[in-house]
Amino acid sequence: MICLKVVTLFSLLMLAAAPPGRVWAQQRQPPILQDPQDVPLWTGRAPGALGDTDLDKPSLTIYMPPNTNGPMTAVIIAPGGGYGRLSMNLEGRAPANYFNAMGVAAFVLRYRLGPRYHHPIELGDAQRAIRMVRARAAEWRIAPDRIGIMGFSAGGHLASTASTHFDSGDAKASDPIDRASSRPDFAVLCYPVISMTEAWTHQGSKKNLLGDNPAPELARSLSSETQVTATTPPTFIYQTDADTTVPSENAVAYYLALRKAGVPAEIHIFRNGPHGTGLGMTNPALGEWPRLLTNWLRISGLIN
């Protein structure tokens, strides 16, 4: 027993005397999932599925940073495409790689689309994605209270809808994923579709999501600027003033609703730039917005 105590004390002294880099190396865990991996949101057929093709099977593609020492911040990325297609590279893979460079785990969401699927299918897919990442947080070395959602264009509408329509989970559910909260801890909206009722509504997204003649009450309930409360998560918004496809009124209306509700928010509207710029890295001016996002994540305590 005496020898054991001496060895233990010696080990502690050696650890305390080791250079910081060596201590970190001893504590570092092997990286996980270094190649992108697709994970279905449901085992078997998804709720409301109309078939068994890839279009009927919502999923997440997991992108992990090189250093997966946890607990990591995570973000679920919803690409845009007017609720009729998905821009998986420009608005999925590229931002996932950018987040990985910051040490953030990224999950690109392949959600079901119109006109084959209408609300609430898309929202259900997004909520399931948030629940899944939170339920498997320990396995993926993720902080369960630092799970955000990012969306581009119509994906921005989906992200804002998930930010304003959520619940704490069903504690009695047989599926452990359904027991997890669907509330994102933060949101990033990029040239988002927001309203389903205003003159500046993106009509293509509205038709694909809600059909030809949606009830006015439904359209209003999915106009995110009318649904913000004090529990809506902190939000970063990127937009260009020259965007004529999804005008900046969408982003501004949501920002003002956040401000009125006392939700921490930051908005950046760049003068030039068309709709669908993604990270804008090929444009010297627009390429600044990801750096502004990085700074916002840092001051929000989401990254080091």
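Values as computed for the structure displayed
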item	result
Residues of segment 270-291 classified as in a helix (DSSP H, G or I) and closer than 24 Å to Thr68 by Cα, total	2
Members of segment 200-243 found to be basic (Lys, Arg) and either without any contact (Cβ under 8 Å) to a residue 24 or more places away in the chain or surrounded by fewer than 14 Cβ atoms within 10 Å (Cβ to Cβ) (or both), listed by number	Lys206
Which listed residue is farther than 26 Å from Met281 by Cβ, out of contact with any strand residue (DSSP E or B) (no Cβ under 9 Å at 6 or more places or on another chain) and surrounded by fewer than 21 Cβ atoms within 10 Å (Cβ to Cβ), from Arg112, Arg116	Arg116
Contacts under 6 angstrom Cβ, first residue in segment 73-91 being over 16 Å from Asp38 (Cα atoms), partner among the charged types (D, E, K, R), 6 or more apart	Thr73/Arg146; Gly80/Glu91
Residues satisfying the stated conditions in segment 276-294, i.e. more than 13 Å from Leu189 (Cα to Cα) and touching a Gly at 6+ places or on another chain (Cβ under 9 Å)	Gly280, Met281, Asn283, Ala285, Leu286, Gly287, Glu288
Within segment 210-233, tally of residues that are out of contact with any Pro (no Cβ under 9 Å at 6 or more places or on another chain) and under 18 Å from Gly81 (Cβ atoms)	1
Selection count where residues are surrounded by 13 or more Cβ atoms within 10 Å (Cβ to Cβ) and either at positive phi or not assigned by TED's automatic domain parsing to the domain that holds Ser163 (or both), scope segment 244-291	4
Filtered residues of segment 179-209 (kept if over 29 Å from Ser168 (Cβ atoms) and of a type in the set (A, V, I, L, M, F, W, C))	Ala199, Trp200
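The values are calculated or read from the model by the stated rules, or taken from the named source; none is laboratory data. Quick caveat, the model's predicted, so the values are computed rather than measured. Ideal geometry is used to build each Cβ from the backbone, glycine not excepted, and the neighbour counts take in all protein chains shown.
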